Amino acid sequence: MITLKINGQQKNWDGDPDLPLLWFLRDEAGLTGTKYGCGQALCGACTVIVDKQAIRACITSVSDVVDREVTTIEGLHPTGDHAVQKAWRQLNVPQCGFCQVGQIMQAAALLLENPKPNHDQIREAMAGNICRCGCYQRIENAVHLASTGV
Amino acid sequence: MNMSTNPKKLRGFERYVKVDNVSRRSILKGLGLAGGFVLAAPVMSRPGFAAYKTGAGEMPHGTVVDPRVFVAIAPDGIVTIVAHRAEMGTGVRTSLPMIVAEEMEADWSRVRIQQAHGDEVKFGNQDTDGSRSTRHYLIPMRQIGASARTMLEGAAAKRWGVPATEVKAVNHEVVHSASGRRIGFGDLAADAAKQSVPSVEGLRLKDPKDFRYLGKGQISMVDLRDITVGTARYGADVRLPGMKYAVIARPPVTGGKVASFDGAAAMKVSGVEKVMEVKGWPWPSKFQPLGGVAVIARNTGAAIKGRDALKIVWDDGANGKYESVAYRAELEAAARKPGLVVRKEGDVEAALKGADKVIVGEYYLPHLAHVAMEPPVAVADVKGDKAEIWGPVQSAGGTREDVAKTLGIPQENVTVNVTLLGGGFGRKSKCDFAIEAALLSKELGAPVKVQWTREDDIRNGFLHTVSVERIEAGLDKSGKVTAWRHRSVAPSIASTFAAGALHQAPFELGMGLVDMPFEIANVQCENPEAAARTRIGWFRSVSNIPRAFAVQSMVAELAQATKRDPKDMLLELIGSPRIVKLDSVKDLWNYGEPYDSYPIDTARLRKVVELVAEKGGWGRSIPKGHGLGIAAHRSFVSYIATIVEVAVDDKGKLTVPRVDTAIDCGTYVNPERIQSQIEGAAIMGLSLAKHGAVTFKDGKVQQGNFDDSPLLRIDESPAVTNVYIVPPGPDTPPSGVGEPGVPPFAPALINAIFAATGKRIRALPIGKQLEA
């Protein structure tokens, strides 16, 4: 039996300890905000925050995050009003929206590490998150806005 | 009230796919017998809103104009408006209901949206494809809103005992200004529902100068908050009690099938419950599943791990030798010989022979995969002779039809619930993944989710065609272009519907080949044969991608040959402001629209070129190593021109400091979403130009994920994309937005690279070509 701490809550798992965290979150814990996009840490759609770092849940097994704090989009902010979320809404960032949870989690993790990133630093930090609709210009501007006060 | 329900059984694309073959005559005959060939949805003339016709009535099931179907008002005043088209990022789930709210004078903050399930008899055509939603539904949605408003006003007038002409709906209430009385929509709801639905002909539409929402761009997408907090529900997010999770190993070669398999190792994987062969259909079979071996598990991760442990022997079938390098050579050979003539003006052969100079450009564009961030996925629950589907489908009605047909049950027994789509781009117009889920659910007697992995998406999809476009242009001594021969060779989407389709269908020929708008005396367009070796499908912008690439690259090549400015060359070729006549083209495809409402108007094409040149600073001074390129293209009955600035360093590293795009999409609803679509089109255009290619070896796709099939990332994206929207004239009908932005991007980019480096790229993707 594995015990995980997700968004401050204990979750138990008695199945395959190698199960990717992504599928535990989505299919076993019902936390579907975190998305599947590639399964190989290539697109960032499954980004969650473990302790204070962005990680890709699709290549992280549940046993890797025992005794660590997992934060998903559902736990990012109690009312959904994290500065990054607010900035995203203010600039109408999304198109289809599917990758945006991963983008938002990545941006939130960036601001934990670097509260005032410049545009090059934003581009570098967000380069692991793919958006097929092509919202990059707004993503870059929204991260900048979140870092300077929404 | 049902304005123009179309009795035709066939869906639109099938009709056009079949135009080329022998069944055409019988289809037309059949339509005649079915009681009338509805050419266009009727639209009334109104002050400030002149009559125009669209092809909406030609779509299967046409349009339905009935407020009782689309609008509900609760006693607390909350107005619920039905969104009957699919949301894949264009904003349509917001913009169409907004049109209804505008006309009925509803307060947007008290409007809720309800997504329609698949039912085209009830809602009209739901196939969200072809950049059609706004152009087909602007007027019907206004009429629905106006009907609802008229009923509310009638109910208030009756209650007060005053003539209806004395009352007016204003911001969610009806007002009688003579007496100062007012009453809210919620209080009127029950009485309004008893009013008869007014005739469309007698409706009063709002004067556009009184619009509060339309054309303003102030309203955000209705799903914006849900998207940012993770509660927006996509197909992948549907969970049902007792639901099983499935992934399928599909034949790696189109037309292949399972010879034998061993599922013993897969069954040992923790969480795997069952391994089973699933039915496939022989190629081509439209959107029917490919078949293969399914692994059923308690979660998706276990199903994928189980699938990795399968041992399958495949029978590859006739396409086992498909190989992209050899196929390219076949297409090039075909393009160098005469082909089926699909447009002919003057005598191109003689004009080329007599030309002072002939410039030849041969352009190659590879297969592309849609790669929506949400790979195909669907949930099905089949019980007895009833089926319920949840999924990200572009065509809810088509999905309902195809699932019913496959299961052998009546359409009325199939409910299709449309979730948000995590991107579509044409892939989710094909409902194979929903059929797969339905078949598995029927077999297992439980709800099933079928999840495609990214590798499945890239290897087993319906790819954008692969093409060679060859243009020969003859110039006279003065540098004027006197001859234009364009041969387009590419396997047709028709090949996905019927075996033996060797020529492109009218809807493909009409996307940038036969509708070429230049003013040239001798023009010939040809379509040599090409046989498909894999499934070909619609991809955002479709054949416009290779055609705009070839035509707009050739414009710059001609400018180079005659030492002229590329923008001036482009304007000279577009020629005088006029309506282009295409009398020599049989079965001209005009995106399904009547030509008199949506002609090829070179004045509008010139206008976007001039606008983008002015706003985008064509000819501005730029640093060394930078270059500017321009391209313009009409598609989906909209006009677009793009200027791209590139920088290429001495190692061949390409960056894009700036993009400027002007679009004329006629009357528009939500300029904020138009801007986002055009920004996105620049990213997709740059992505396909730099990286986009799906290639085959031994019949199998060689790529599988974002490592070997990269998409553009934020650190490669244009620093800034500026969008300029041409203000519509009062009579300009709405036209497409979702697709037209993509086609001009790649040629503008390539022309800019030429300006910066002197290197002319004629084959995409760019890949490492600049590094040499």
Subject >> Virtual spin-label span in nm between residue B:207 and residue A:120, 7 Å along Cα→Cβ >> reply: 5.7 nm
Subject >> Packing rank of B:522-535, B:648-661, B:449-462, B:140-153, where each peptide gets the mean count of other beta carbons within 10 Å, highest leading >> reply: B:140-153, B:449-462, B:522-535, B:648-661
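So if each residue of separation counts as 0.36 nm, and I subtract the Cα-Cα distance between residue B:529 and residue B:499, what length gain in nm does that give? Before the final figure, lay out each step's value.
On the way: separation 30, 0.36 × 30 = 10.80 nm, distance 1.36 nm.
9.4 nm is the gain from fully extending residue B:529 to residue B:499.
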**OP:** Over all alpha-carbon pairs in the stretch B:378-446, figure out the percentage whose distance exceeds 19 Å.
**Re:** 22 percent
Subject >> Peptide B:368-376 - average C-beta neighbours from other chains (10 Å radius) >> reply: 5
Subject >> If the convex hull is drawn through the Cα atoms of the protein assembly as shown, its volume per residue in Å³ >> reply: 166 Å³
Subject >> Inter-chain shielding of B:450-459 (mean C-beta neighbours from other protein chains, 10 Å cut-off) >> reply: 2
**OP:** For the stretch B:633-696, count the residues as N, evaluate 2.2 N^0.38 Å, and divide the Cα radius of gyration by that value, please.
**Re:** 1.36
Original post:
Pairs B:244/B:697; A:35/B:305; B:344/B:563; B:122/B:428: which exceed 27 Å Cα-Cα?
Top reply: B:244/B:697; B:344/B:563
Original post:
Computed FRET efficiency, Cβ-Cβ of residue B:181 and residue B:576, R0 56 Å: what is it to the nearest 0.05?
Top reply: 0.40
Subject >> Accessible area in the full protein assembly, largest first, 1.4 Å probe, for B:633, A:82 >> reply: A:82, B:633
**OP:** Calculate the mean, over all residues of peptide A:37-50, of how many other protein chain Cβ atoms lie within 10 angstrom of the residue's Cβ.
**Re:** 4
Original post:
For residue B:357 and residue B:113 in the same chain, what is the full-extension length gain: residue separation times 0.36 nm, less their Cα-Cα distance, in nm?
Top reply: 81.8 nm
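For chain B, what does the helix formula give at 222 nm: sum of -39500 (n - 2.57) over DSSP H segments with n ≥ 4, over the residue count, nearest 500 deg cm²/dmol? Present the calculation step by step, with values, prior to reporting the outcome.
Details: 21 runs with 222 residues, N = 772.
About -8500 deg cm²/dmol.
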Subject >> Largest-first principal axis extents of the Cα set of the stretch A:24-113 (Å) >> reply: 38, 25, 24
Original post:
Given a Förster radius of 25 Å and the C-beta distance between residue B:561 and residue B:336 as r, what FRET efficiency does 1/(1 + (r/R0)^6) yield to the nearest 0.05?
Top reply: 0.75
Original post:
Based on the mean of other beta carbon atoms within 10 Å per residue, what is the order of A:46-52, B:623-629, B:374-380, most packed first?
Top reply: B:374-380, A:46-52, B:623-629
Original post:
What is the mean projected area of the alpha carbon convex hull for the stretch B:63-136, to one decimal in square nanometres?
Top reply: 4.9 nm²
Original post:
Roughly what would the spin-label model give for residue B:315 and residue B:708, points 7 Å off Cα along C-beta, in nm?
Top reply: 2.7 nm
**OP:** Please list B:730-743, B:228-241 highest first by mean number of surrounding beta-carbon atoms within 10 Å per residue.
**Re:** B:730-743, B:228-241
**OP:** Could you point to the residue in A:13, A:118, A:55 farthest towards the positive end of the stretch A:1-140's charge dipole, with +1 and -1 charges on the Cβ of Lys/Arg and Asp/Glu respectively?
**Re:** A:118
Original post:
Can you pull the Kirkwood radius for chain B, inverse mean 1/r over Cα pairs, to one decimal in Å?
Top reply: 27.4 Å
Original post:
Please state the Cα pair-distance histogram of the stretch B:209-284 with 10 angstrom bins from zero: what percent is in each bin?
Top reply: 12, 24, 22, 18, 13, 8, 2, 0
Subject >> Over the stretch B:732-772 - Rg/Rh using Cα atoms and the Kirkwood inverse-distance radius >> reply: 1.17
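Among all helices in chain B defined by DSSP H, which have a length of 30 Å or more along the axis from Cα atoms plus a Kyte-Doolittle mean of at least -1.0? Don't skip to the answer; put the middle values down first.
Values: long enough: B:133-160 (39 Å, -0.37).
Going by DSSP H runs, the hits are B:133-160.
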Original post:
Working from the pairwise distances between different alpha carbons, so that the mean of 1/r is found and then inverted, what is the stretch B:534-617's Kirkwood radius in Å?
Top reply: 15.1 Å
**OP:** Take the stretch B:389-498, compute every pairwise Cα distance, and split them into 5 Å bins from 0; I just need the percent in each bin.
**Re:** 2, 10, 15, 17, 14, 10, 6, 5, 5, 5, 4, 3, 2, 1, 0, 0
Original post:
Taking 1 over the mean of 1/r across every pair of different Cα atoms in the stretch B:468-548, what Kirkwood radius in Å do you get?
Top reply: 13.7 Å
Subject >> Cα→Cβ-extended label distance, 7 Å offset, between residue B:769 and residue A:51, nm >> reply: 4.8 nm
**OP:** Set the Förster distance to 30 Å, then compute FRET efficiency between residue A:7 and residue B:720 from the Cβ-Cβ distance, nearest 0.05.
**Re:** 0.20
**OP:** Report the normalised scattering of the stretch B:542-585 as log10 I(q)/I(0) at q = 0.25, 0.30, 0.34 Å⁻¹, calculated by the Debye formula with identical scatterers on the alpha carbons.
**Re:** -0.93, -0.98, -1.03
Original post:
In Å², what does the accessible area per residue of the stretch A:17-68 work out to with a 1.4 Å probe?
Top reply: 32 Å²
Subject >> Cubic angstrom per residue, convex hull over Cα atoms of chain A >> reply: 97 Å³
Subject >> Protein accessible area in the protein assembly as shown, 1.4 Å probe - carbon and sulfur % >> reply: 51 percent
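Specify, per residue and in Å³, the volume enclosed by the convex hull of the alpha carbon atoms belonging to the stretch B:268-386.
Per-residue hull volume (Cα only) is 232 Å³.
The values are calculated or read from the model by the stated rules, or taken from the named source; none is laboratory data. Computed from a predicted model, the values in this text were never measured in an experiment. Using ideal geometry, Cβ is built from the backbone for each residue, glycine included, and neighbour counts are taken over all protein chains shown. SASA here: full protein model, heavy atoms, side chains in, ligands and nucleic acids out. Shrake-Rupley method; radii C 1.70, N 1.55, O 1.52, S 1.80 Å.
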